[in-house]
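Worksheet: one structure, shown below.
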Amino acid sequence: MQTTQELPAIAGGQKAKQTPFGREKRYGAEELAELSEALEQGTLFYASGRKVKQLEAEFAEKNGVPYAITCTSGTSAVHAALMAGGISPGEEVITAPITDMGTISPILYQGAIPIFADVDPHSYVITPESVEACITEKTKAVVAVNLAGNACDLFALKEICDAKGILLIEDCAQSFGVEFGGQPIGTIGQMGCFSFNEFKHISCGDGGIVITRDKELAERLRLATDKAYNRQPDALEKRPTFLANNYRMTELQGAVALAQLRKLDSIVARRRAWCEKLTEGLQGIAGLHLPKILPECQPSWWFYMMRVEANLLGADTDTFAKALQAEGLPVGAHYIGKCLYEYPIFQNHTAFARASHACDAYSYQAGMCPVAEQVLDTCIMLSINEAYTERDLEETLQGFRKVSSWFAQ
Ligand SMILES: *Cc1c(COP(=O)(O)O)cnc(C)c1O
């Protein structure tokens, strides 16, 4: 990184970003055509229409697996995976302290206890060592969160889980299009869960999907999203045999998600190209730690997270983030603020209004995952979009250069 004498915006200089960042319309003619076909069918029910079936077939094929089962959200995708895996009250599920609540609430809904493993200081995802240390007799699953378009050390996690007979579920809500060891993300664990919410790589407003290679899990996943009614014509028992919700995707969501899926490769390729150049351009700023990507991983960059080492950078996390914002850059600090176990639901035992939850007996304390806490205290995130241009890149780098040179003085 070159240094610069130009004044940053916080010291009265011109903003580095003078024009709006590249944006493009998310939904267009392709989505409209699919939607219109869905409506023409005269049914919006997944079991009688074609759009959800088509989406499941294309998503499975894209990921090289035989089964993909749709649902209403990323949260319900994780929940369906836990239901399919038979996770039951009082059992323990190891997961990440830095994630969306949608990873955690399904564990609680099963009456199970989330156990938080600590993360790698620079990839921000749970480490195999930390997961291994969390395993007890009661551990039945690991929900590994592939955060921010990056991946966990999935082969190592799989080995640990297999050795103990524990299910590995991948939460891929932020990692559409990632490859790990040449395999699509979500195919190393027994199940991979994705979200089509408004803010993810591809969207249908809200929606989700789970992929698996396992026929039995696929059958249970379908039941888990459909009140456990078995709609197979040859089913011996059509009535529910286990507890499940209505998490059915409608043909409207299916139609939009189908059109979006066909845009995914382009979205991922553009994010990758832009972020590779960003990484190159940001090298060498003392005190700014760039994200670590495992050599097996091809990331898809949902956002770009970095860490500030204040004494080297000359500014603390908030001061640095504010200075970058003043340059016109879409930068935030601290991501979710606090680790999940510090949320009121765990600290105040308020999962249920009048009865206790199995997790209430577990002691969730600040300091449980010291690395994750340090990560959240010191991280800044740059929003990424596939429509960002070369000019956006130049001005972003210029902003970082000005601000870091200023604080380095
Ligand atoms: C977005 C997200 C979810 C939940 O997805 P929804 O579709 O919003 O329910 C779960 N896990 C992670 C890591 C997410 O980013």
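The values are calculated or read from the model by the stated rules, or taken from the named source; none is laboratory data. None of these values were measured; they are calculated from a predicted model. Cβ placement follows ideal geometry from the backbone for every residue including glycine, while neighbour counts extend to all protein chains displayed. Heavy atoms of the whole protein, side chains included, go into the accessibility calculation; ligands, DNA and RNA do not. Shrake-Rupley method; radii C 1.70, N 1.55, O 1.52, S 1.80 Å.
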Check: Taking region 141-168 as the search range and keeping residues that are away from the ligand (no atom under 16 Å from the Cβ) and part of a loop (DSSP other than H, G, I, E, B), which one is farthest from ILE209 (Cα to Cα)?
Finding: GLY165
Checklist line | Residue tally, condition of a type in the set (Ser, Thr, Tyr), farther than 19 Å from THR319 by Cα and part of a loop (DSSP other than H, G, I, E, B), over region 331-346 | finding: 1
Check: When region 281-305 is examined, which residues are found to be out of contact with any Phe, Trp or Tyr (no Cβ under 8 Å at 6 or more places or on another chain), within 16 Å of the ligand (Cβ to nearest atom) and either outside any loop (DSSP other than H, G, I, E, B) or farther than 24 Å from VAL145 by Cβ (or both)?
Finding: PHE303, TYR304
Note to self: Restricting to region 242-280, give me the number of residues that are in a helix (DSSP H, G or I), farther than 11 Å from CYS204 by Cα and under 23 Å from the mean Cα position of the chain (by Cα).
What the structure shows: 16
Item checked: Test result for SER76, open to solvent by less than 60 Å² (accessible area, probe 1.4 Å), at pLDDT 95 or above and part of a loop (DSSP other than H, G, I, E, B) -> no
Item checked: Unique match (being of a type in the set (Ser, Thr, Tyr) and open to solvent by less than 20 Å² (accessible area, probe 1.4 Å)) among TYR335, TYR304, TYR343 -> TYR304
Checklist line | Residue list for region 377-409, restricted to those being of a type in the set (A, V, I, L, M), out of contact with any helix residue (DSSP H, G or I) (no Cβ under 6 Å at 6 or more places or on another chain) and over 15 Å from THR279 (Cα atoms) | finding: ALA387, ALA408
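Collect the residues in region 191-206 that are farther than 15 Å from CYS152 by Cα and either more than 14 Å from the ligand (Cβ to nearest atom) or not aliphatic (A, V, I, L, M) (or both), keeping them in residue-number order.
Matches in region 191-206: PHE194, SER195, PHE196, ASN197, GLU198, PHE199, LYS200, HIS201, SER203, CYS204, GLY205, ASP206.
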Item checked: Failed item, numbered, when GLY13 is tested on (1) in a loop (DSSP other than H, G, I, E, B); (2) in contact with a Lys or Arg (Cβ under 9 Å, 6 or more places away or on another chain); (3) open to solvent by less than 20 Å² (accessible area, probe 1.4 Å) -> (3)
Check: open to solvent by less than 20 Å² (accessible area, probe 1.4 Å) and more than 22 Å from the chain's Cα centre (by Cα): does that describe LEU288?
Finding: yes
Notebook entry, point to check: How many residues are buried (at least 24 other Cβ atoms within 10 Å of the Cβ) and not in a loop (DSSP other than H, G, I, E, B) if we restrict to region 169-186?
Noted result: 4
Next item on the list: Tell me which residues, restricted to region 347-370, are touching a helix residue (DSSP H, G or I) at 6+ places or on another chain (Cβ under 7 Å) and not in a loop (DSSP other than H, G, I, E, B).
Entry: CYS359
Note to self: For region 57-65, check the following and say yes or no: at least one residue is open to solvent by less than 10 Å² (accessible area, probe 1.4 Å) and under 30 Å from ALA355 (Cβ atoms).
What the structure shows: no
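From the list ALA77, ALA57, exactly one residue is free of Cβ contacts under 8 Å to residues at least 24 places away in the same chain, out of contact with any Asp or Glu (no Cβ under 6 Å at 6 or more places or on another chain) and under 15 Å from MET249 (Cβ atoms). Which is it?
ALA57
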Next item on the list: Enumerate the pairs (first residue in region 133-150 and over 30 Å from ILE384 (Cα atoms); second residue anywhere and assigned to a helix (DSSP H, G or I) and within 16 Å of the ligand (Cβ to nearest atom)) with beta-carbon separation below 7 Å, excluding pairs fewer than 6 apart on the same chain, so at least 6 apart or on different chains.
Entry: ALA141/LEU82
Next item on the list: Tell me which residues, restricted to region 86-109, are open to solvent by 30 Å² or more (accessible area, probe 1.4 Å), farther than 12 Å from ALA141 by Cα and more than 10 Å from the ligand (Cβ to nearest atom).
Entry: PRO89, TYR109
Check: Which one is nearest to SER203 (Cα to Cα), of the residues in region 220-241 that are open to solvent by 40 Å² or more (accessible area, probe 1.4 Å) and under 27 Å from the mean Cα position of the chain (by Cα)?
Finding: ARG222
